[in-house]
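The values are calculated or read from the model by the stated rules, or taken from the named source; none is laboratory data. Note that the structure is predicted; figures quoted are calculated from it, not measured. Quick reminder, even Gly has a Cβ in these numbers, built from the backbone with ideal geometry, and neighbours come from all protein chains shown. Each accessible area value is taken on the protein alone, full model and side chains, heavy atoms only, with ligands, DNA and RNA left out. Shrake-Rupley method; radii C 1.70, N 1.55, O 1.52, S 1.80 Å.
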Amino acid sequence: MKRPKCIFCLTENESIFNTKEHIIPESLGSGDWALLPPNLFCDNCQNKFGSSIEQQALASYPFNNFRTLFSIRTKKGKAPWFEYWEGKLYGGGRPGMFQYEPNDYFKEATFSGRKSITIIPAMPEKTDMILRTLLKIGLETFAADLTTKDEIFSPKFDEARRYALTGEKSSKWFYLQNENFEKLNQYLKGISFAEWTDNFFSDVHEEGELIYLHLKLLYLDFITPLVPNVQLPEDYQINFPEPEHRVVYV
C-alpha cells in the first residue's frame, strides 16, 4: 500500500487521513458512488473546504437554486432553502415542489392574489468560491481514476490545487456555465432515475496539454480548465450568448 498523500496540500502525515470524501458534494445530490479513493484527501483540507469554500459556494447561485428546486437535502437531512429580495424559497420534498414565503413587503399582495409569480435571482455572486469548488471537484475526479492517480501530483496541477485551497493564483481563471432552461422545466415536472443518472456526473477530459472538468448537474453544465493560462476563442460569447451561457472570470 502506498503512503498517503493529500492531493491539495501534499502532506504525507499518515495520522490525519481519516476522512471520507465525496467528489461531488452530498448537498448537490451525490452518494457513496462518488467517493474519492482513501488516502488522497487529508482531514485538514476537508475541514477547510467544507467549513468555508464549499459552504459559501453551495449557498449561492446557481447551486442554491439547483438544490432548492430539486429538494436536495443537506448532509444533516435538512430541507434546502435560500433567501432573496422577495422572501424565502424552501424545497418541498420532491423536484418541482417548493414553498414560497414572501417578506413583509410582498406578503399582503401575495395572499390577496394580486401577486402570483416570483422572480428567482439568477446572477453569479460567490464566483470565487464556486470556481474553487469546481477546481476541487475536477482534481478529485482526475485523482479517482486509477490510471491517473499518481499523475495528480504532477506540477502542472500545482496552480489549480493552490488556488482551490488558498485562493491564491498568479493569473485570471474562468469557468463556463450553461443552463438549459428547457430541460429544467422538463425535469421539474418529473424526472426518472435514468434521466438523473445519465445527467449527473463529473468527468475530466484531456486534449493535448489542455485538461478540463465537465460537471453536469441535470440542466446545469460547468466547464473549467485544471491547468493555468487557458484562453477562450475571441468569438465565444458571440456564439454562446447569455443568459443560457455564461463565461465567469475570477
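Out of all the residues in segment 157-174, is one or more more than 19 Å from the chain's Cα centre (by Cα), without any contact (Cβ under 8 Å) to a residue 12 or more places away in the chain and in a helix (DSSP H, G or I)?
Checked segment 157-174: at least one residue is more than 19 Å from the chain's Cα centre (by Cα), without any contact (Cβ under 8 Å) to a residue 12 or more places away in the chain and in a helix (DSSP H, G or I).
If I filter segment 15-29 down to residues being small (Gly, Ala, Ser) and touching a residue at least 24 places away in the same chain (Cβ under 8 Å), which single residue comes out as surrounded by the most Cβ atoms within 10 Å (Cβ to Cβ)?
The extreme case among them is Ser27.
For segment 6-32, enumerate the residues that are small (Gly, Ala, Ser) and either assigned to a helix (DSSP H, G or I) or in contact with a strand residue (DSSP E or B) (Cβ under 7 Å, 6 or more places away or on another chain) (or both).
Once the filter is applied, which keeps residues that are small (Gly, Ala, Ser) and either assigned to a helix (DSSP H, G or I) or in contact with a strand residue (DSSP E or B) (Cβ under 7 Å, 6 or more places away or on another chain) (or both), segment 6-32 yields Ser15, Ser27, Gly29, Ser30.
Taking the criterion of being out of contact with any helix residue (DSSP H, G or I) (no Cβ under 9 Å at 6 or more places or on another chain) and among the aliphatic types (A, V, I, L, M), would at least one residue in segment 138-157 satisfy it?
Within segment 138-157 (the criterion being out of contact with any helix residue (DSSP H, G or I) (no Cβ under 9 Å at 6 or more places or on another chain) and among the aliphatic types (A, V, I, L, M)), the answer is yes, since at least one residue qualifies.
Could you check how many residues of segment 175-187 are of a type outside the set (Phe, Trp, Tyr), assigned to a helix (DSSP H, G or I) and crowded, with 17+ Cβ neighbours inside 10 Å?
1
Determine whether Lys149 is open to solvent by 40 Å² or more (accessible area, probe 1.4 Å) and touching a residue at least 12 places away in the same chain (Cβ under 8 Å).
Here the answer is yes, as Lys149 does meet what is asked.
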